[in-house]
Each structure stands twice: as C-alpha cells, then as structure tokens.
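Here the structure comes first, spelled out in structure tokens, and everything after it is commentary.
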Amino acid sequence: MRRLFDILAICVLLGYAWLATRSQGGADDPVWQRAKARGVLVVGTDFGFLPFAQLEGQQPIGYDVELVEEIARRLDLTVEWRQIGYDGLFPAIDPANPNQVDLIAAGIIQNPAEGWRARYSQAYLDGGQQLLVSSSNPITKQNQLIGSISVQLGSPGESIARQIFSPQQIDNSPYIEIAAADLVVRGFSEAAIVGNLTALHTNNRQQTRTLASLSYEPFVLAMPITAYELQNQINRELGQLHAEGWIAKLNQKWFP
C-alpha cells in the first residue's frame, strides 16, 4: 500500500512538472504562439476614435497606436493594424471568429460583461472623474470647498457632484467638459468635476491640479480569452513603461 501511495505521489509531481513545462513560453496560448511565429501582432482598432487612433493619410497615429507599437517593439514584433468599427471590436477577439485578431486597442474601458471572451491588460490610463481646482488654490481637502462646482450638464460628473455637494454649489451650465474646467481656470468656479482625459489637458498646462479622484475607469488593451501569455507579456511591458515614465510622457504629448 505504501508503495502505491509513493507511485501516486510521483505521478502527481510529474503532472505538475509537465504543466509547468507546458506553460513556459505560453505553449498553450494559441494567440501568443501565432504572433511569435508570424513576428506580427494583429491589432484591431477604430481609426475614428480620437485621440487614441486615427489615420494621417495612410499612417496610423494616436495614443493607443504609439503605446501598442512600443509594446510590440519590445516584444520583437511588428504591428499589423486592422480597421474595425467600434461595435465590432469585441466580436473581433471572439474565439469563434475565423478572422480573430490578437489584440484590440481603441480607448477601451474595461468591461466585465465582455469577460467571457476577453482578457484585459492592466490599466495604462484612468478615465474616471476628477475634482479639479486651480493650481494656485491652496486647499487640500474637498470639504474645504465653499464656492461653485462646475460640471457638464448630464455628465457622470454631475451625478457625482449631486452626491457630494449641495445643489446651491453646483453649476451645470457648461455643455462640454472642457468648458467646466475652463471656469476654474478663469476663476469663475472654485472647482470642477471632469473626466481624467480633460483633467490631463489643464493639469499638464499647470492651470489646474487634481484635488481628488472620484471614480476609476481603467483604459485597457483587450485580447482573446485564451491569450493568457500575451496578457502576461503585455502587462510586463506596461509595468516597465510606467516605471520608466514613458507613459507619463505619452500623456503629455496627447493631452497637452
């Protein structure tokens, strides 16, 4: 009986060793293996989605274009871009799609409802709502705000403002987010609630600063559910790009 247990234990250990060996290099990730064999990462995007992806003549440009091409370069891959309408991006990574792409990138916010067919990278950018004040305003806490809070009419920022501030403080006259931030820059409002992409514009110009982050909306890259090794490779490179300050420079370029 003891010998039988020893044999079973050895079989279990051999099984773990086989799985570990098979997992090295993403041997059972067909997407990663396909990309490595071709030397090409096939990426779907919507070139009408500014500032993430657009065409300048025939040349792809944009935030996501530069990000993906830098990641691919570090993985010794080139990029083949495919134009896909925004509504068709997630179907393009569906395992049942015979024309499946390796990755999609077009200002995608992580969507749990697509988790049955998509894996997501770590966040490279936050699109959540930010509470802005003038860069010269010395306050450090949002409960110190006593003036008006500008928000875009009907925006997520307005919904958040109504949960935090009194109705008398809220100015929802702006029809676009940048106008809400501009009221702070010009001194007509003490604060504004805007999405982080708008906040980056005025913060990078040192006109405003973020007093508090009020929500979190991670921008991510998405890939087929089977692409676990591609996910690992991309996350490793994203971590390095953040650590090097490369993404901070990309933010300054595309949200000046």
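The values are calculated or read from the model by the stated rules, or taken from the named source; none is laboratory data. Please read all numbers here as calculations on a predicted model, not as lab measurements. For neighbour counting, all protein chains shown are included, and Cβ atoms are generated from backbone atoms with ideal geometry for every residue, glycine included.
Rundown of residues vs (1) of a type in the set (Lys, Arg); (2) within 30 Å of ALA106 (Cβ to Cβ); (3) over 23 Å from the mean Cα position of the chain (by Cα), yes/no style:
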position: ILE146; (1), (2), (3): no, no, yes
position: ILE160; (1), (2), (3): no, yes, no
position: ILE164; (1), (2), (3): no, no, yes
position: ALA180; (1), (2), (3): no, yes, yes
position: PHE188; (1), (2), (3): no, no, yes
position: ALA222; (1), (2), (3): no, yes, no
position: ALA227; (1), (2), (3): no, yes, no
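State yes or no: is TYR216 closer than 16 Å to LEU131 by Cβ, of a type in the set (Phe, Trp, Tyr) and outside any helix (DSSP H, G or I)?
Details: closer than 16 Å to LEU131 by Cβ: yes; of a type in the set (Phe, Trp, Tyr): yes; outside any helix (DSSP H, G or I): yes.
Yes, satisfied.
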Problem - Subset of the stretch 43-78 (residues that are in contact (Cβ under 8 Å) with a residue 12 or more places away in the chain, of a type in the set (A, V, I, L, M) and either surrounded by fewer than 19 Cβ atoms within 10 Å (Cβ to Cβ) or over 20 Å from ILE225 (Cα atoms) (or both)) - result: LEU50, ALA53, VAL65, LEU67, LEU75, LEU77
Handout entry: Counted residues, the stretch 39-62 - those being in a strand (DSSP E or B) and touching a helix residue (DSSP H, G or I) at 6+ places or on another chain (Cβ under 6 Å)
Key = 4
Completion exercise
From the option list ILE234, ILE178, ILE247, single residue qualifying as of a type in the set (Val, Ile, Thr), within 21 Å of GLU158 (Cβ to Cβ) and touching a residue at least 12 places away in the same chain (Cβ under 8 Å) is ILE178
Practice task
Looking only at the stretch 79-96, decide whether some residue is modelled with pLDDT under 95 and touching a Pro at 6+ places or on another chain (Cβ under 9 Å).
Solution key: yes
Problem - Given (1) buried (at least 19 other Cβ atoms within 10 Å of the Cβ); (2) on the phi > 0 side of the Ramachandran plot, number of the condition GLN206 does not satisfy - result: (1)
Problem - Complete set of residues in the stretch 229-246 that are buried (at least 17 other Cβ atoms within 10 Å of the Cβ) and touching a Gly at 6+ places or on another chain (Cβ under 9 Å) - result: GLU229, LEU230, GLN233
Exercise for the section: Identify all residues within the stretch 87-96 that are surrounded by 15 or more Cβ atoms within 10 Å (Cβ to Cβ) and in contact with a strand residue (DSSP E or B) (Cβ under 7 Å, 6 or more places away or on another chain); write none if there are none. Expected result: LEU89, PHE90, ALA92, ILE93
